[in-house]
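Written below as structure tokens is the structure these notes are about.
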Amino acid sequence: MKELRFAVLGAGAGGQTMAAFLAERGFPVRLYDHNLPRIQQLQTLKTIRVTGKWTGQGTPEQITASLPQALDGADIILVVTTTDAHGDIARQCAPYLRDGQIILLNPGHVGGALEVRHILQEELRCPAHVIIAETGDLMYACRMVREGEIFQSGIKQHVAVAALPAADTSRLVEILGPIFPCLHPADSILETGFEGGGAMLHPIPSLMNLNRTDRAQGYDYYIDGITPSIARLVSACDCERLAVCRALGLEVPSLVASLQKTYGLDQTDLYDLLQHNAAYRGLQSPMNLEHRFIVEDLLCGIVPLASIGAELGVKTPIMNAFIEIASVVCGRDFRAQGRTAEKLGLSGKTPPQIRALIR
């Protein structure tokens, strides 16, 4: 097999970690971000250092703010941007894609691969035959200490991955599994997108702690920001997610079961589990209403879940309430801007038709 060449799109904490990991292992990797000051700092540093649960450093062969340069010659395109950027990334990449490339959204959130495929195939009629895939979660639990220095707070043991269509998943895992052993094949992108509970864990506690955010009072997000009462609210919203999944014919784990599997924990109460998750300690709270915990997880998590639920006749009152609350306090229409069933190509489709679409 020829040497694989990687393009990592997104130079936040996850993207920098991924680029360093691949470069240290000898893979040619190019790191891209549209944030020019960030790229210039990284170009000056050249080498990215990772500390914590995994310690290492790597020097990408190129760090660039030019997307065509990053994609040139790439076999694997790892998208490690916030998930609300997937649509723009798909449109920007389309002219430069070629047959045989793999696009892996890390993570896809709810409907990421569907959104990218809909844009490439239906909206833009992109001629390139590529494998589109997504993970159920970011492969690294990490945070940025400063540009070029990332702290990895936990090593995830199990990250679900699936391709669209699902028939491509085995080929995907054959190629990437030896490089990323945490990847485990899921049955379909419905599982990777609907299994995780980040959509509940982020916007709800963030909005419930809005007074702290307004006063610029930072706090340990998971440990201090999620009280037993807020954990019960998150769990109730997770029940709505599970109801949407059942309507689709999916049996996916609860948020608690998913976190147990990801982090190797055994607590059965959500609040207790979060308090015992060492990987979550020290992760700081949102300091403004544009934080991804609010914006990204509403646009690409709660909105599509509620929208698909409405298509299938599933009531989601808690999700709907937080969409409305967030729209008021943030001054934007999250329902109109988010991933709706229509934008994912699912409008008007029955559960059997949706399952056939992703096969």
State all residues of region 318-359 that are of a type in the set (Lys, Arg) and within 19 Å of His109 (Cβ to Cβ); if no residue qualifies, say none.
Arg332, Arg335, Arg339, Lys343
Any idea how many residues of region 44-56 are closer than 16 Å to Val8 by Cβ and surrounded by fewer than 16 Cβ atoms within 10 Å (Cβ to Cβ)?
4
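Consider region 181-218. How many of its residues are part of a loop (DSSP other than H, G, I, E, B) and small (Gly, Ala, Ser)?
First, pick out the residues of region 181-218 that are part of a loop (DSSP other than H, G, I, E, B): 181-182, 186-188, 196-197, 202, 209, 215-218.
With small (Gly, Ala, Ser) added as a condition, the list becomes 186, 188, 196-197, 216, 218.
Here the count works out to 6.
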Please name all residue pairs, on different chains or six or more residues apart, with Cβ atoms under 9 Å, provided the first residue is in region 221-235 and is among the charged types (D, E, K, R) and the second residue is not in a loop (DSSP other than H, G, I, E, B).
Arg232/Leu270; Arg232/Tyr271
Quick one: which of Cys237, Cys245 is modelled with pLDDT under 95, out of contact with any strand residue (DSSP E or B) (no Cβ under 7 Å at 6 or more places or on another chain) and surrounded by 21 or more Cβ atoms within 10 Å (Cβ to Cβ)?
Cys245
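What number of residues in region 264-316 are part of a loop (DSSP other than H, G, I, E, B) and either in contact with a Lys or Arg (Cβ under 6 Å, 6 or more places away or on another chain) or at negative phi (or both)?
Selection size over region 264-316: 23.
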Unmet criterion (only one of (1) touching a residue at least 40 places away in the same chain (Cβ under 8 Å); (2) surrounded by 23 or more Cβ atoms within 10 Å (Cβ to Cβ); (3) over 27 Å from Ala247 (Cα atoms)) for Gly148:
(2)
How do the pairs read when you match residues in region 258-272 that are under 17 Å from Gly136 (Cβ atoms) with residues anywhere that are aliphatic (A, V, I, L, M) and exposed (fewer than 14 other Cβ atoms within 10 Å of the Cβ), using Cβ under 9 Å and keeping only pairs 6 or more apart or on different chains?
Tyr263/Ala278
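Which residues, taken from region 136-180, are among the charged types (D, E, K, R) and either not assigned by TED's automatic domain parsing to the domain that holds Gly111 or not in a strand (DSSP E or B) (or both)? Before you say what the answer is, go through the steps one by one.
As a first pass, look at region 136-180 and keep what is among the charged types (D, E, K, R): 137, 143, 146-147, 149, 156, 168, 171, 174.
Hits for region 136-180 are Asp137, Glu147, Lys156, Asp168, Arg171, Glu174.
The values are calculated or read from the model by the stated rules, or taken from the named source; none is laboratory data. All values derive from a computational prediction rather than experimental measurement. Because the Cβ atoms are built from the backbone with ideal geometry, glycine has one as well, and the counts that use them run over all protein chains shown.
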